[in-house]
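Okay, structure first, notes after.
The values are calculated or read from the model by the stated rules, or taken from the named source; none is laboratory data. Bear in mind the structure is a predicted one, so any value in this text is a computation, not a measurement. Cβ: placed from backbone, ideal geometry, glycine included. Neighbour counts: every protein chain shown. Calculation scope for accessible area: heavy atoms of the full protein, side chains included, ligands and nucleic acids excluded. Shrake-Rupley method; radii C 1.70, N 1.55, O 1.52, S 1.80 Å.
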Amino acid sequence: MVRVVESRGKRLMQLPPLNKDALIFGYHPDYKETAYRTLRVGPNKGEKTVHELADLLEGESPVLPTDIPTLPSHQVDVLVIGGGGAGATAALTASVAGATVVLATKLRLGDSNTVMAEGGMQVAIAPEDSPVQHFLDSFRGGYKKNDPALLKRLVKEGPRAAKWLMQLGVLFDRDGNGDVSLRSGGGSSQPRLLRCKDYTGLELMRVLKDAVLNAKIPLLEFSPMVELFTDEQGGCTGALLKNLDTKKYQAIQAKTVVLATGGIGRLHIQGFPTSNHYGATADGLPTAYRAGASLTLQDTFQYHPTGAVFPEPIAGMLVTEAIRSVGAQLLNVQGERFINEMETRDAVAAAIIRECSEGRGIATPAGRVGVWLDMPQVDVIHGDGTLAKRFPNMVRQFSRYKIDIRKEPVLVYPTLHYQNGGIKIDIDGESGCQNLFVAGEASGGIHGRNRLMGNSLLDIIVYGRRSGEAACVRAKQIGFGSLTLGHLEAFRKERKMHASLPQTVSPLLFPDYVHR
Ligand code: MEZ
């Protein structure tokens, strides 16, 4: 720590030359071959993903034909599954468009990764910016593997999405003139992050939750989806939920379903800690997969460069990129900078892993390793009080462990933050299984192989709205389908053709910390 303090003010702005390809292929976890295997069953058979996800996709359903109740408890136009930002947005939009809606969620409305999003939401609204520029930055950041049609809608509808949120009551930070103020994010050519200090997602969810409650959308909380229903044509017709209190199954018949079950962090891929919510166990992926929806970019994950590694109780907790965007620097044990802190996340994460694996990291008492993030540098650059004013959440989170980030650097290491891929969708959010729409982190294709900061809060709003709207329109055109599990029978038959498939039961619903 002494080296960090001593080097402040005389740190070279000149960084070692960056060979980005060598850095990423050499050190980013996405390129660790032993972490991957080829899928043997389902729509993506023959393609690779990490073992932890493959275990779920190739796993067994908990549901037996005798588990299906004879009658559905609800019949609705649109069933939304997931109580985070994407689910709430889809439910609100479908309801305003005239659909009858039920929102079912594993935990409570709002319990999700959305509330943990800190740094902001990207929207191209500055006079010198444009959706085209936003597209180009995101496409470059995603290694041009983004689905261009999906990305185009994301950036184009950004300003409208932000306006919708403001009309609902979201209080974005403003500058001295009362205009919304914008900050820069890694890999972006323009400042375009709308934010609410460093608890942007919490503020969004506060407002969305209120709106869902005010709209009196029926809620089924503590009721995770364990299987989707399909009809004879293979289209989605509803879902089977499990009441966590009574352990009883409940069938919901719906003309359309919007899946917004969120991310994957709690699978702790490759043993990484995570910034994700307790419920982030990828439940939508195996269930949609069994129902015939294919995945895309299922081999790429985002390891946010700066997760806390000390103290142990907060290992994995997000330390927002926004702190780096205003000057906090990364330093190895020698007190040397080793990467431009505003490089894309995959490069910064790979550089930290390289420093640590080559002996230039700092060990924690619990046996982890990390590098320094010099947060006091922010107050040195912008004046005392900046950290407290702009990052109250960060100051408070660390002060609970008697660490004053205004005075001392903290130790960080990459934390599993986001699944870049997910269920393949079209521009209305519809998956390969007809009448099954997907919004938010469970979907894939928008972000390519590396999502830019702030594009996920935008994604949940833009695609929450698009899928909610499209699900309502479709529901008005069709009738109810039968509630069968024909797809599951077919999947089970396919499984039987392989002797050594995992015995994992999926969806997982909760992280398996006992065995870990
Ligand atoms: O979009 C994100 O992942 C984000 C804003 C994270 C952060 O660093 O705050």
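Structural remarks
- Considering region 293-317, and only residues there that are aliphatic (A, V, I, L, M) and surrounded by 24 or more Cβ atoms within 10 Å (Cβ to Cβ), the residue that is farthest from the ligand (Cβ to nearest atom) turns out to be 293.
- Restricting region 96-153 to residues that are in a helix (DSSP H, G or I) and under 30 Å from residue 220 (Cα atoms), the residue that is most open to solvent (accessible area, probe 1.4 Å): 96
- So residue 236, is it within 16 Å of the ligand (Cβ to nearest atom) and either modelled with pLDDT of 95 or more or hydrophobic (A, V, I, L, M, F, W, C) (or both): no
- Residues of region 80-87 include none that is surrounded by fewer than 21 Cβ atoms within 10 Å (Cβ to Cβ) and either more than 16 Å from the ligand (Cβ to nearest atom) or more than 24 Å from residue 323 (Cα to Cα) (or both).
- Qualifying residues in region 25-47 (those that are open to solvent by 60 Å² or more (accessible area, probe 1.4 Å) and of a type in the set (Lys, Arg)) - the one nearest to the chain's Cα centre (by Cα): 32
- Test result for residue 515, open to solvent by 40 Å² or more (accessible area, probe 1.4 Å), free of Cβ contacts under 8 Å to residues at least 24 places away in the same chain and not in a helix (DSSP H, G or I): yes
- Meets criteria (closer than 17 Å to residue 271 by Cα and open to solvent by 10 Å² or more (accessible area, probe 1.4 Å)) for residue 382: no
- Residue that is nearest to residue 38 (Cα to Cα) [pool: residues in region 318-334 that are assigned to a loop (DSSP other than H, G, I, E, B), open to solvent by less than 10 Å² (accessible area, probe 1.4 Å) and more than 11 Å from the ligand (Cβ to nearest atom)]: 332
- Taking every residue in region 87-100 that is not assigned by TED's automatic domain parsing to the domain that holds residue 257 and pairing it with any residue that is buried (at least 24 other Cβ atoms within 10 Å of the Cβ) and in a helix (DSSP H, G or I), at least 6 positions away or on another chain, yields no pair with a Cβ-Cβ distance below 6 Å.
Condition check ((1) assigned by TED's automatic domain parsing to the domain that holds residue 296; (2) touching a strand residue (DSSP E or B) at 6+ places or on another chain (Cβ under 7 Å); (3) more than 22 Å from residue 162 (Cβ to Cβ)) across all residues:
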residue	(1), (2), (3)
103	yes, yes, yes
106	yes, no, yes
116	yes, yes, no
139	yes, no, no
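- Whichever residue in region 360-391 is more than 17 Å from residue 3 (Cβ to Cβ) and acidic (Asp, Glu) and, among such residues, is modelled with the lowest pLDDT: 384
- Members of region 24-67 that are closer than 30 Å to residue 247 by Cβ and assigned to a strand (DSSP E or B): 60
- Single residue of 395, 438 found to be open to solvent by 10 Å² or more (accessible area, probe 1.4 Å) and at pLDDT 95 or above: 395
- Matching residues in region 292-317 - criterion: being in a loop (DSSP other than H, G, I, E, B) and more than 30 Å from residue 225 (Cα to Cα): 309, 310, 311
- When 431, 500, 443, 506 are checked against the criterion of being buried (at least 24 other Cβ atoms within 10 Å of the Cβ) and not assigned by TED's automatic domain parsing to the domain that holds residue 228, a single residue qualifies: 506.
- Among all residues of region 455-466, there is at least one that is among the aromatic types (Phe, Trp, Tyr) and either under 20 Å from residue 114 (Cβ atoms) or assigned by TED's automatic domain parsing to the domain that holds residue 345 (or both).
- Residue 198 being acidic (Asp, Glu) and open to solvent by less than 70 Å² (accessible area, probe 1.4 Å): yes
- The number of residues in region 446-468 being open to solvent by less than 10 Å² (accessible area, probe 1.4 Å) and away from the ligand (no atom under 16 Å from the Cβ) comes to 2.
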